[in-house]
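What follows is a single structure, written as structure tokens, with notes after it.
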Amino acid sequence: MTPVHHRRLQLKIQLFQQIDRLEPEEAILPAEHPTIDQIICELETLNPIDQPLRPEHWPLLLGSWALVYASRGTVVTRRINRQFPLPVGIRRVWQRLNNPEGHSAEIATENGAVLSIPFFGELTATAQGIWKPYEEGESAQVSFGAFTVQATRLLGIAGLNLPQITVPVLEFLRQEALWITSYLDEDLRFGRGATGNLFVFRR
């Protein structure tokens, strides 16, 4: 094992330990965790894959990932934190990446969250979008074309098979954003938004 590889494994263990000390919701709501952010920055300098969005690395990139940390929250959790007076709980947040058939230059993404709402039950919200990687192989242009909401548990009763509500985003309303994949290995991935927000995903 090389010194760089050994150091990377040490940092990964430290990162997982620091995140595991947080409550799951605390880890993805807006808050300051400078120790975690510092470990992320150091791991980025040891990234084992220089161009993670190049097609030859997609077998490692694609699949389901759980969001375990967001340095400034996510679009969903920031809004919940600001706008909902009720204690809306966040059960889990995930991202699924795949390569649509016939679109060799694009990555399809589904970002989802399961929310628990008092006196109601659970709600699953997903956003479907597309990554268009740039040639440098680290960043992509991201846009979302549809949002889906479904009650997956109503008044404590699961398995009701309630319908999904899909809301398409009209073309002229679609917003595009820059997304940077700054670290990738077999079970850990970092993303950075245009404003520098740090996201940590685990297999």
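Where residues in the stretch 159-180 are surrounded by fewer than 12 Cβ atoms within 10 Å (Cβ to Cβ) and polar (S, T, N, Q), which of them is modelled with the highest pLDDT? Filtering the stretch 159-180 for residues that are surrounded by fewer than 12 Cβ atoms within 10 Å (Cβ to Cβ) and polar (S, T, N, Q), the one modelled with the highest pLDDT comes out as 164.
Scanning the stretch 45-68 for residues that are open to solvent by 50 Å² or more (accessible area, probe 1.4 Å) and either in contact with an Asp or Glu (Cβ under 7 Å, 6 or more places away or on another chain) or part of a strand (DSSP E or B) (or both) gives 48, 51, 60, 64. Can you tell me which residue in the stretch 1-44 is most open to solvent (accessible area, probe 1.4 Å), limited to those that are part of a helix (DSSP H, G or I) and polar (S, T, N, Q)? For the stretch 1-44, the residue satisfying everything is 38. Scan the stretch 181-190 and give yes if some residue there is at pLDDT below 75 and surrounded by 10 or more Cβ atoms within 10 Å (Cβ to Cβ), otherwise no. Within the stretch 181-190, none of the residues are at pLDDT below 75 and surrounded by 10 or more Cβ atoms within 10 Å (Cβ to Cβ).
The values are calculated or read from the model by the stated rules, or taken from the named source; none is laboratory data. Quick caveat: nothing in here was measured; it's all calculated off a predicted structure. Note: ideal-geometry Cβ built from the backbone for every residue, glycine included; neighbour counts use all protein chains shown. We work out accessible area using only protein heavy atoms, side chains counted, and drop any ligands, DNA or RNA first. Shrake-Rupley method; radii C 1.70, N 1.55, O 1.52, S 1.80 Å.
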